[in-house]
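Below is one structure, written out as structure tokens, with a few remarks after it.
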Amino acid sequence: MSAGKIFISYRREDTSGESGRLKDKLEQIFGAENIFYDVETLEAGLNFDESISKALAESKILLAMIGPHWLKITDGEGKPRIQKTNDWVRKEIGLALHKNIRVIPILVNGAQMPDSESLPEDLRELSLKHAQEISSSRWNYDVGELIKVLEKIVPPKKKETVLNTGNFQNTSRPPLPPKPKSWWAKNYLWVLGSFVGFLLLVGLCNPEEYPLEPAIDYPTQEESNVVDPENIIPDQESKPSNSGQGSQADPRVVNPNGTEIYNSLTLKETPFEFGGKWWLYENDIRSGYFQIVQEGARFTFNYYLFNVHVGSGSGYFQDGYLISDKFIMKDNPETFGFSFYSEDQGKTWLGQTYSGQQTSPAYLVKN
């Protein structure tokens with residue numbers, strides 16, 4: 001086997017969650033066989049020291065995951081573990097430096113680069129290495145920047161070409177849902193057909209008294225307006241009718257151009273209960289969770305990564321879809337959003353998330 005692995009070195013007490021999440025992402029890009037992650041990679045009964053040495057011999061890169069407590073973790077006697085010669089993290093990094101393997105410090109969640117005086121002699125070279133930062137609030141961007149560096153050293157695996165035969169039985173989930181359409185876009189052909197049929201019926205019954213009018217030029221499906229949640233106008237107050245028969249509330253919610261989006265009654269009643277805690281999986285990787293508060297068909301939510309509150313927003317339920325109309329992430333100017341639909345009465349939701357120009361297949365699972 002050619003030396004092309006990526007070795008992930010970490011302390012379980014410091015960066016276990018972030019290291020596991022990074023490992024899952026790197027396996028997608030470079031293949032599971034090219035990622036060494038001791039918890040899953042080592043087979044039972046093997047000599048740990050020999051296995052680490054063998055894995056480093058097959059590696060081109062070692063990622064040294066350094067969290068806020070990396071230097072502070074101590075043994076049972078209260079001594080810093082990094083200063084002990086039998087510390088596995090020290091052994092992994094020290095052996096990689098000795099073998100001239102590319103070592104990249106990964107500073108997690110605001111961790112600072114350790115200076116040479118705080119490191120044992122065999123690790124002092126680590127303080128001279130250029131580090132990459134990874135933060136939970138900028139996870140996708142930071143990991144993307146790291147992958148750009150790794151791809152220059154370790155070639156990514158070839159992407160498999162999947163032919164679209166129209167049969168989704170061999171896929172794990174259905175294709176991504178289309179963007180929700182307005183009521184008119186989905187039903188205008190039925191309305192047009194009914195109207196033409198009515199005119200024909202009237203003409204046959206009394207052709208002289210009710211001559212057919214010229215055909216009405218209805219808009220095509222492509223001309224129908226796509227729902228823009230940013231332009232939703234709430235229900236207006238009741239206004240007197242022109243007939244003088246009292247007042248009646250307009251039940252529609254419309255865009256400024258007058259196009260109906262959905263009936264306001266759907267804002268009060270929905271067949272699904274979707275409030276609560278929902279785990280978010282993007283590209284089959286659990287990336288965080290939503291805490292949703294449902295108010296009829298409207299909802300608000302907070303978004304968490306590793307129990308850290310990093311975002312919030314709001315949205316609505318329409319035609320079987322959960323759609324966000326606002327999603328703001330802390331310290332991140334990109335545009336975020338999601339669209340999900342359910343095929344099992346709201347038990348799970350399938351769909352997609354997007355940030356900036358990037359769209360990812362995703363699904364929600366109730367906690």
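The values are calculated or read from the model by the stated rules, or taken from the named source; none is laboratory data. All values reported here derive from a predicted model rather than from experimental measurement. Positions of Cβ are backbone-derived with ideal geometry, glycine not excepted, and every protein chain shown enters the neighbour counts. Please note that ligands, DNA and RNA were not included when accessible areas were found on the heavy atoms of the full protein model with its side chains. Shrake-Rupley method; radii C 1.70, N 1.55, O 1.52, S 1.80 Å.
Is any residue of the range 87-104 close enough, with backbone N under 20 Å, to a label point placed 7 angstrom from the Cα of residue 121 along the Cα-Cβ axis, and if so, which?
What the label zone holds, given the 20 Å backbone N cut-off, is 87-100.
Could you please put 279, 88 in sequence from largest to smallest accessible area, using a 1.4 Å probe?
On the way: 279 50, 88 100 Å².
The ranking, largest first, comes out as 88, 279.
Just reorder 99, 148, 277 by solvent-accessible area, largest first, 1.4 Å probe, all chains present.
Most to least solvent-accessible, the answer reads 148, 99, 277.
Do any trypsin sites (Lys or Arg not before Pro) in the range 303-358 lie in a DSSP loop with no more than 15 other beta carbon atoms within 10 Å, and if so, which?
330, 347
Which of the three applies to the range 5-135, rounded, prolate or oblate, going by the alpha-carbon gyration tensor with a ≥ b ≥ c and a/c under 1.5 meaning rounded?
rounded
Note down the accessible area of residue 53, probe 1.4 Å, to the nearest 10 Å².
Residue 53 exposes around 50 Å² with every protein chain in place.
Please give me, ordered by residue number, the GluC sites (Glu not before Pro) of the range 56-95 that lie in loop per DSSP and have at most 16 other Cβ atoms within 10 Å.
58, 77
Using Cα-Cα distances under 8 Å and only pairs 6 or more residues apart, what relative contact order does the range 109-161 have, in percent?
Once normalised by length, the contact order is 27 percent.
Just to be sure I understand the model, the point goes 7 Å from the Cα along the line to the Cβ. What's the resulting residue 153 to residue 307 distance in nm?
If labels sit at residue 153 and residue 307, their model points lie 3.3 nm apart.
Per 0.36 nm of contour for each residue apart, how much would the distance between residue 335 and residue 130 grow if the chain were fully extended, relative to their Cα-Cα spacing?
70.8 nm
Quote the accessible area belonging to residue 33 in square angstrom, nearest 10, computed with a 1.4 Å probe and with ligands, DNA and RNA left uncounted.
Solvent-accessible area, nearest 10 Å²: 110 Å².
Order 336, 48, 7 by their accessible area, 1.4 angstrom probe, all chains in place, largest first. Intermediate values should be presented prior to the final figure.
On the way: 336 30, 48 60, 7 0 Å².
The ordering from most to least exposed comes out as 48, 336, 7.
Under 14 Å from a label point 7 Å along Cα→Cβ of residue 277: give me every residue in the range 295-317 with its amide N that close.
Label zone hits: 302-309.
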